[in-house]
Amino acid sequence: MTAGGKDEPEALDTEALAAESMETFEQLLAESTRIHGHICAGQVIGVRMAMAALERIGISDPKGADRKKLYVLVEIDRCATDAIQSVTGCSLGKRSLRWLDFGIMAATFVNLESGRAIRATAREEARTLSESYCPEIMDKYQRQLEAYKVMPLEELFFFQEVSVQLNDCDMPGRPLRRVQCQLCGDWVQDCREVEVNSKILCRACAGERYYHVIEAPKQT
Ligand SMILES: [Zn+2]
Ligand SMILES: [Zn+2]
């Protein structure tokens with residue numbers, strides 16, 4: 001076939017398709033806002049953090065072709081965490097999202113295929129830096145929200161290249177182990193049992209019980 005008219009539209013179609021599959025910031029923010037239930041600075045921070053980190057670890061299609069390559073560890077259970085879940089498609093239920101209760105607005109994004117990992121931390125200074133953006137907005141929180149949309153990434157985040165040792169028991173897939181607590185009889189999956197005085201116990205029976213039983217079920 002000779003060069004000319006026929007090839008060009010095909011090339012354009014491919015480009016258009018690629019552009020369509022790459023969700024834009026606005027689309028991702030709208031989706032995370034829907035899932036989270038409201039728009040807030042945390043949604044903006046979370047969406048921008050996740051987009052920037054995914055790009056740095058070479059993940060372009062987190063909910064499609066790359067979905068099994070991605071693993072995220074979040075260090076806080078706040079608004080931005082929902083945005084990170086929404087953008088990456090990673091979740092607790094899929095075991096591709098892990099929550100570490102550190103209380104730090106940070107998350108580490110891991111490319112399981114390449115081993116490349118980026119820890120992104122929201123900079124505390126961003127609050128003050130945001131004051132020089134959108135000065136026309138009087139409300140402080142509204143101004144932060146709008147400023148976070150346009151501020152350069154380096155004013156919002158620190159990015160560290162890190163290496164993460166992931167535990168086999170924390171990975172997606174079938175549980176490696178299911179054992180029964182020798183005290184209460186509950187079944188414990190994923191290696192979360194503990195051994196106390198040579199007894200296999202669930203964490204509750206080992207002293208971490210967070211509830212107090214008021215009414216026990218009937219014995220069967
Ligand atoms: Zn929120
Ligand atoms: Zn138990």
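All of the numbers you see were taken from the coordinates with simple rules; none came from a lab. Just so we're clear, the structure is a prediction, and the values are computed from it rather than from any experiment. Cβ: placed from backbone, ideal geometry, glycine included. Neighbour counts: every protein chain shown.
Taking the criterion of being over 24 Å from the mean Cα position of the chain (by Cα) and charged (D, E, K, R), the residues of the range 114-173 that qualify are Glu131, Glu136, Asp139, Lys140, Arg143.
Can you pull out the residues in the range 48-94 that are within 16 Å of Asp170 (Cβ to Cβ) and surrounded by fewer than 16 Cβ atoms within 10 Å (Cβ to Cβ)? Correct list: Lys68, Ser91, Leu92, Gly93, Lys94.
The numbered conditions (1) away from ligand 1 (no atom under 16 Å from the Cβ); (2) among the acidic types (Asp, Glu); (3) farther than 30 Å from Ile57 by Cβ are all true for Glu154 except (3).
All told, Lys69 meets the bar of being more than 20 Å from Ala122 (Cβ to Cβ), without any contact (Cβ under 8 Å) to a residue 60 or more places away in the chain and in contact with an Asp or Glu (Cβ under 7 Å, 6 or more places away or on another chain). Of the residues making up the range 130-148, none is within 16 Å of ligand 2 (Cβ to nearest atom) and out of contact with any Cys (no Cβ under 8 Å at 6 or more places or on another chain). Applying the set (1) part of a loop (DSSP other than H, G, I, E, B); (2) within 16 Å of ligand 1 (Cβ to nearest atom) to Leu166 leaves exactly one unmet item: (2). The number of residues in the range 193-217 that are exposed (fewer than 13 other Cβ atoms within 10 Å of the Cβ) and either hydroxyl-bearing (Ser, Thr, Tyr) or touching a Lys or Arg at 6+ places or on another chain (Cβ under 7 Å) (or both) comes to 3. The condition of being among the aliphatic types (A, V, I, L, M) and more than 20 Å from Leu29 (Cα to Cα) holds for only one of Ile118, Ile84, that being Ile118.
Among the conditions (1) touching a residue at least 40 places away in the same chain (Cβ under 8 Å); (2) of a type in the set (Ser, Thr, Tyr); (3) surrounded by 16 or more Cβ atoms within 10 Å (Cβ to Cβ), Thr121 misses just one, which is (1).
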